[in-house]
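Before any comments, here is the structure.
The values are calculated or read from the model by the stated rules, or taken from the named source; none is laboratory data. Not measured: the values here are computed from a predicted model. Neighbour counts are summed over all protein chains in view; Cβ atoms, including those assigned to glycine, are modelled from backbone coordinates with ideal geometry. Surface areas here come from the heavy atoms of the whole protein model, side chains and all, with no ligands, DNA or RNA. Shrake-Rupley method; radii C 1.70, N 1.55, O 1.52, S 1.80 Å.
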Amino acid sequence: MIRSDIIRGHLDSIILRLILEKDQYGYEISKQISLKTKDRFQIKEATLYAVFQRLEKKELIESYFGNISHGGKRKYYTITTFGKAYLKETVKEWQETKEIIDLFMEGLD
Amino acid sequence: MREIKNHVDELFKKIPDSEQKELIKQEILENLEEKVADLMAQGKKEEDAINRTIVEFGDIEEIEKELGVSQPTKKNMTKFDLGFSILGSALIISLFVFINFYYTPKTIWFVYPTFAVLWWPLSMYYRWLRQ
């Protein structure tokens, strides 16, 4: 599996992006990450819920209790307007970062 | 599924109790149970599914850090220290000046101890600048 410390710095954006598409709960998100990356990257639950805490504290996401699942209520997350704006910013930042790093990494094998 | 609950209980043991802790614990427990159920639906044995879920959970410290009672940031005392040193040295210097002019008005010697004492506010000033 890929070295995760580079991805780690962008987990906030990755999770915001997934929630932007539709409101989701924890396991759904971790499953989607594995699915989208074809298991090349898996998020650990401890990391995921730490990110939720952080994003909620920063008011980038909000949570609510949805339908009853296996014997309990599922906690869903939804992105806030502030979160959307933040995501837009980080996307721009990432594009720029990528271009800069590519300047040095491209053309070698 | 008992193993999952026991494991989560164990993980959260050292985190101080709070309403938030209970909420997140509940949430994690539910999601982990769903993961186990999902893995079993994919054809894994219950034991394997539980073990994998526990192994993949990761490091509880990440959550602890987010929940952690925010460490009280050490109050910045450098400004106070600087003020105190200025006041203190002014007092000491004026004592020297007083003794000098009261007892030996003909020789001016108070300048020498003054230089020594000034190191105090000078070092405090530097400390204040640096922070």
Notebook entry, point to check: Using the alpha-carbon atoms, what tilt in degrees (0 to 90, nearest 10) does helix B:78-103 show relative to the longest principal axis of chain B?
Noted result: 20 degrees
Note to self: Using only the alpha-carbon atoms, how far is helix B:19-41 inclined from the longest principal axis of chain B? Give it as 0 to 90 degrees, nearest 10.
What the structure shows: 30 degrees
Check: Along the positive direction of the dipole of region B:2-67 (beta-carbon charges: Lys, Arg +1; Asp, Glu -1; about the Cα centre), which of B:20, B:8, B:41 reaches farthest?
Finding: B:41
Margin query: Can you compute the modelled spin-label distance between residue A:13 and residue B:92, with each label point 7 Å from Cα toward Cβ, in nm?
Written below: 5.5 nm
Note to self: Over the protein assembly as shown, with the other protein chains present, what is the accessible area per residue in square angstrom, probe 1.4 angstrom?
What the structure shows: 69 Å²
Notebook entry, point to check: On full extension of the chain, what length is gained from residue B:123 through residue B:84, given 0.36 nm per residue of separation minus the C-alpha to C-alpha distance?
Noted result: 12.8 nm
Item checked: Value at 222 nm in deg cm²/dmol, rounded to 500, when DSSP H runs of n ≥ 4 in the protein assembly as shown each add -39,500 (n - 2.57) -> -22000 deg cm²/dmol
Next item on the list: Compute the distance in nm between two label points, each set 7 Å from the Cα along the Cα-to-Cβ direction, one at residue A:22 and one at residue A:94.
Entry: 2.1 nm
Checklist line | Burial of 10 Å² or greater, region A:10-33 residues [accessible area, probe 1.4 Å, versus chain by itself] | finding: A:25, A:27, A:31
Next item on the list: Report in % the part of the accessible area of region B:72-131 that belongs to carbon and sulfur, leaving out ligands and nucleic acids; probe 1.4 Å.
Entry: 75 percent
Notebook entry, point to check: How far is helix A:81-105 tilted, in degrees, relative to the longest principal axis of the Cα atoms in chain A, given as a value from 0 to 90 rounded to the nearest 10?
Noted result: 30 degrees
Next item on the list: Estimate for me the total accessible surface buried between chains B and A (protein heavy atoms, probe 1.4 Å, no ligands or nucleic acids), in Å² to the nearest 100.
Entry: 2000 Å²
Notebook entry, point to check: If you build the Cα gyration tensor of region B:2-67 and take the root of 5 times each eigenvalue, what three semi-axes come out, in whole angstrom, biggest first?
Noted result: 24, 11, 10
Next item on the list: Roll a 1.4 angstrom probe over the protein heavy atoms and tell me the percent of accessible area of chain A that is carbon or sulfur.
Entry: 56 percent
Note to self: Viscosity 1.567 mPa s, temperature 4 °C: what is the translational diffusion coefficient of region A:40-89 from Stokes-Einstein with a Kirkwood Rh over Cα pairs, rounded to a whole number of µm²/s?
What the structure shows: 106 µm²/s
Notebook entry, point to check: How much FRET efficiency would the formula 1/(1 + (r/R0)^6) give for residue A:104 and residue A:39, where r is the Cβ-Cβ distance and R0 is 25 Å, rounded to 0.05?
Noted result: 0.30
